[in-house]
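Right, one structure below, let's go through it.
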Amino acid sequence: MTRSVPDKPSLDGIEEALAARWEAEGTYAFDRGAERAEVYSIDTPPPTVSGSLHVGHVFSYTHTDAVARYQRMRGKTVFYPMGWDDNGLPTERRVENHFGVRCDPNVPYDPGFAPPAKPDDKRKVAISRRSFVELCQQLTVEDEKVFESLWRRLGLSVDWAMTYATIGETARRASQRMFLRNLARGEAYSAEAPTIWDVTFQTAVAQAELEDRERPGAYHRFGFARADGQGAVEIETTRPELLAACCALVAHPDDERYKPLFGTIVTTPLFEVEVPVLAHELAQPDKGSGIAMICTFGDTTDVTWWRELQLPTRSILERNGRTKADCPEWITTGAGRAAYERLAGKTVFSAQAAVVEHLRETGALIGEPRAITHPVKFYEKGDRPLEIVTSRQWYIRNGGRDAELRAALAARGAEVDWHPPFMRHRYESWVQGLNGDWLISRQRYFGIPFPVWYPVEADGTVANDRPILPPEDALPIDPSSDCPPGYDEAQRGQPGGFVADPDVMDTWATSSLSPQIACGWEDDPDLFARTFPMDLRPQGHDIIRTWLFSTMVRSHFEHGVAPWRNAGISGWILDPDRKKMSKSKGNVVTPLGLLEEHGTDGVRYWAASGRPGTDTAFDPNQMNVGRRLAKKLLNASRFALNLGEAPPGAVPTAAVDLSLLAALARLVTEATNAFESYDYARALERTESFFWSFCDDHLELVKQRSYGDGGDEGAASARATLELTLSVLQRLFAPFLCFVTEEVWSWWQEGSIHRAAWPSVAEIPGDGDPLVAAVAAPALAAVRRAKSEQKRSLLWPVERLVVTEKPERLAALRLAEGDLIAAGTLAAIEYVELTGDGVATYDVTLGPA
RNA sequence: GGGCGUAUGGCUCAGUUGGUUAGAGCGCUGCCUUCACACGGCAGAGGUCACAGGUUCGAAUCCUGUUACGCCCACCA
């Protein structure tokens, strides 16, 4: 094709123009006809659209895009869909704040409802569940447009015809179908059990969503009266407000201090409830007084004791985080019931104050509370400590209660190649540490409902143990508006009729099916067969225990295989002070602002410099370096192409040219190997390094010859070499600098560079001697140094260059003599053989002006 | 308590199977308007490779231990 090299090449405006071209030409469209072996499929993380994209997203999605582009150039048909995670609590919270509303399932649906014109944070309007869901859907559609436009701006090579949303119909159908299959096989079940509970959101949460936070607390010491009237049994607790929920004391079986008490009865202070003293090896003699008060439920250890010691359930906390308004029946004495009145209906905080005050009044409190700081469990999205309440929930087995399953899931982890490999430890330690099944039900509104109804008995009780299930071909359904087979709507809530399961699935229960949703499981068996199991799951290391593990669980049960062959784990973005980049700061630096300021290629360069799994500092400086690299590629390409076109059939013959190409072939091998092991950063680094020396040394060495100064053959060799090198370098850079490489490619090549073949050593003459270029470069540098040190222009003539070198290196240097003389404006080169172990020297004598 | 990772010039990082005087970019200093690029180029200064032992002809690299930082898991009366 004829060359069309602009006089003043620029990066301005190319991003918009090329993005439009890619869209119009379907550059990244997935070819559905490709066989599985030809496909490279990527399980893209669906970003939470209710948040905003931040620098961390740009970082990790760029990594995946680089791999996708590499695979595409390697000839793979890349399956690279984009999902939006739009269901669940984050969306609910965003809608509540955005519109100033809150969902109240008791409010009837108003078709004409409009959200308040001015949202009032303090007085949120209660609206029906249906209206609430409508607002959720309305807002997520808007959010998704914003996300897509940013991703396009970042140049992600996804096929935008293939997007999915975790609240979309496909996702709902897949989630419900998989749930029904899990249920049928006994992998899912419901149970009434102590559950970790967030009192703010009023929903159960899963083990994987917990985090510890250091909070101030205090040890409170008080005594339990012994039946024999001997001295009281003293305990220490950080949760005195749960004294009324006490059902036993427990000490270690070997603890001599308490051995005599095991089996005896003691009485709680204030409430005067008789509780047994028991033994359990989980009790630690060195904690507090060595004997602990078991309450239902202060923490997860309480749950263990309660279960293993078969204690009664004495809950005093309601789901809203307040104590029960009415005195519980196990408190029977007059004084005890009066004591309860003082904390009835209070928050945990107020109840604690009330109990402590009462203990102090009665003289039961021993000493003053001792302030401590201790870790407290929080829901990762919540800001109040979690409580434990008893409730009926849906679970999926995950090995937490089954060693055999746990081992099988651990083995699945070993089927996956982890990048970097050490990330596998995160997976293994999580699997080994599981202590309960996976709780998937949430008492929320904007999520995928469980496809389940229950019969209502004649007496009005709900038969939770006899769920009514829809057939798979009816999915997706909403049990709160759809009727179960054989019933009609009039029977909803009636004796002899049915009720809907009120819960929704947690968002992980859906996103754990991202491979099935994206690949068209059951809905599109043809696509599924071409794309599943997938090749790559890219994600952050913080969600190995949630997203990665839960996806493994679902695939294990349904398909008996790991859902992907590779897991590419990205690191985090760190502030300059080495802390994880905070949301507040991350939002100040908006991705769009970065792209505008540094150019997309500059930002991508910075991102791609972060090695897999390595936390990386946020560094605008590196983005500028990337932008400069893009400009250099622009200018170097223009320069090299304008030196003149090689005549047809021209091949590299000059030693300097062949030497460069030998190094280029090594570069190709190195970059390819790096990509094959998912080390895109290494591929970029090597290519960049080669490119700069190509510009500084080779281009300088050969430009005179390229002009034709040394004759036609020399010029042809130089030009043919430059063309080949340029073509290879542009392609090696293409996965990273996707815009500028496409721009320079378009000057002289047909089609998109992103559809061009990844460079191969087969296209590069490999018989050159790398030594020629290797000795010419320092010689040229020595000439430049001399000129620079003597403050002369680089065009200043050199009278004489004396090179003292080893014989074989001198021989190589002689092969570059013509180019070196031209590039250094030398009059002559003298060669002196270096003997012994001496060091090579370059003696430069500058000439007169 | 168990585990993983990191530690290289002021800053950000390379250094892949141990091999000659440890590299790059940024920043700093100096020079050059050179016919691709002045938002450019060329060059210079700057490092006892966290510390202590060990293996070796030879260690930033391998082994042992220590320290610091980060993270994961467990515990959390």
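Numerical summary
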| item | result |
| --- | --- |
| Furthest towards positive pole of dipole, A:S717, A:A816, A:P765, structure part chain A, Cβ charges | A:A816 |
| Sequence-distant residues sharing a close amide H with A:G217 (under 5 Å, placed H) | A:I372, A:T373, A:H374 |
| Segment A:182-253: relative contact order in percent, alpha carbon pairs under 8 Å with at least 6 residues between | 16 |
| MRE, 222 nm, helices only [DSSP H, n ≥ 4, -39500 (n - 2.57), over chain A, to nearest 500] | -12000 deg cm²/dmol |
| FRET efficiency, A:D326 to A:A24 (Cβ-Cβ, R0 56 Å, nearest 0.05) | 0.20 |
| Zone residues, segment A:271-300, relative to A:A335, backbone N less than 14 Å from point 7 Å out along Cα-to-Cβ | A:271-274 |
| Relative contact order (%) - criterion: Cα under 8 Å, at least six apart; region: chain A | 14 |
| Given charges at beta-carbon only (K, R positive; D, E negative), |dipole| of chain A in Debye | 1280 |
| Nearest-0.05 FRET efficiency for A:L574 and A:L210, computed from C-beta distance (R0 30 Å) | 0.80 |
| Furthest towards positive pole of dipole, A:P194, A:A227, A:A630, structure part chain A, Cβ charges | A:A227 |
| Simple label model, 7 Å out from Cα along Cβ direction - A:N635 to A:A117, nm | 5.7 |
| Volume of the Cα convex hull of chain A, divided per residue and given in Å³ | 232 |
| Estimated FRET transfer efficiency (A:E472, A:R342; beta-carbon r; R0 60 Å; 0.05) | 0.60 |
| Relative contact order, percent, segment A:71-185 [alpha-carbon distance under 8 Å, six or more residues apart] | 35 |
| Cα→Cβ-extended label distance, 7 Å offset, between A:E16 and A:N624, nm | 2.6 |
| Potential extension, A:D228-A:T362 segment - 0.36 nm per residue separation minus Cα distance | 46.1 nm |
| Overall form of segment A:17-88 per C-alpha gyration tensor (a/c, 1.5; a/b vs b/c) | prolate |
| Straight-distance crosslink candidates among lysines, where the alpha carbon sits under 26 Å from A:K806 and sequence neighbours closer than 8 are dropped | A:K787 |
| Cα-Cα over 24 Å, subset of A:K122/A:K346; A:K76/A:K632; A:K8/A:K76; A:K8/A:K145; A:K287/A:K346 | A:K76/A:K632; A:K8/A:K76; A:K8/A:K145; A:K287/A:K346 |
| Estimated distance in nm for a label pair at A:A414 and A:K791, the labels positioned 7 Å out from Cα along Cα-to-Cβ | 7.1 |
| Near-label residues of segment A:495-526 by backbone N, under 17 Å of a point 7 Å along Cα→Cβ of A:T461 | A:495-499 |
| Cα-centred dipole magnitude for segment A:50-139, charges only on beta-carbon of K, R (+1) and D, E (-1), debye, nearest 20 | 320 |
| Net charge of Cβ neighbours under 13 Å - reference A:W22; Lys, Arg +1; Asp, Glu -1 | -2 |
| Rounded to the nearest 20 debye, dipole of segment A:15-61 from Cβ charges on Lys, Arg, Asp, Glu | 160 |
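Every number in this text was worked out from the coordinates using simple rules, so none of it is lab data. The structure presented is a predicted model; accordingly, all values stated were derived computationally and were not measured. Using ideal geometry, Cβ is built from the backbone for each residue, glycine included, and neighbour counts are taken over all protein chains shown.
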